[in-house]
Amino acid sequence: MRIDKFLKVARILKRRETGKQLAINQRLYINDRPAKAASEVKEGDMIRIVFGHREILVKVLEIRTSASKEQAFGMYEVVEEKKEEIV
């Protein structure tokens, strides 16, 4: 599944367009490698997303083409979350 679609279905992001913009700005990584919006993601992959001063690392547990809210939270596990302090 494309990473932009996975992030939308898993409800990590609200819109696929946001995933595309993160990829264009090199703020989206699969297994520590820069990802394009069309990059394929599979179970076991680690996805790092950088939002300004916040960064999250999630592990893909399950791939689904559609998911309810409850099912979406079972698609990934947050491994690490960092928030950079602004001085």
Review point. Normalised by the number of residues in the chain, what is the relative contact order in percent for Cα pairs under 8 Å and 6+ residues apart?
Key: 26
Exercise for review: Would you compute, from DSSP H runs of 4+ residues alone, the mean residue ellipticity of the chain at 222 nm, taking -39500 (n - 2.57) per run and dividing by the full residue count, rounded to the nearest 500?
Suggested key: -6000 deg cm²/dmol
**Study point:** Segment GLU85-ASP32, extension gain: residue separation times 0.36 nm, minus the distance between their alpha carbons
**Key:** 16.8 nm
**Study point:** In Hz, Karplus ³J(HN,Hα) per residue of region 60-74 (6.51, -1.76, 1.60; θ = phi - 60°; x = Gly, Pro)
**Key:** 6, 9, 8, 10, 9, 7, 8, 7, 6, 4, 5, 5, 4, 5, x
Review point. About its Cα centre, how strong a charge dipole does the chain have in debye, to the nearest 20, once Lys and Arg get +1 and Asp and Glu get -1 at the Cβ?
Key: 460
Point to revise | Kirkwood hydrodynamic radius of the chain, Cα pairs, Å | key: 12.8
Study note, to complete from the structure: For region 23-38, Karplus-derived ³J(HN,Hα) couplings (6.51, -1.76, 1.60; θ = phi - 60°; whole Hz; x for glycine and proline) come out as 5, 4, 8, 6, 10, 9, 9, 10, 6, 6, 10, x, 10, 9, 4, 8
**Study point:** J(HN,Hα) series, region 49-58, from Karplus relation 6.51 cos²θ - 1.76 cosθ + 1.60, nearest Hz, glycine and proline x
**Key:** 10, 10, 10, x, 9, 10, 9, 10, 10, 10
Practice item. Please list, or write none, the aspartates and glutamates whose alpha carbon is within less than 17 Å of the alpha carbon of LYS14, excluding same-chain residues fewer than 8 places away. Key: ASP4, GLU55, GLU70
Review point. Once the other residues with Cβ under 10 Å from the Cβ of ARG16 are scored (Lys, Arg +1; Asp, Glu -1), what is the net sum?
Key: +4
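Throughout, read-outs are computed from the coordinates displayed, never taken from laboratory work. All figures in this text were calculated on a predicted structure; none of them were measured in a lab. Quick reminder, even Gly has a Cβ in these numbers, built from the backbone with ideal geometry, and neighbours come from all protein chains shown.
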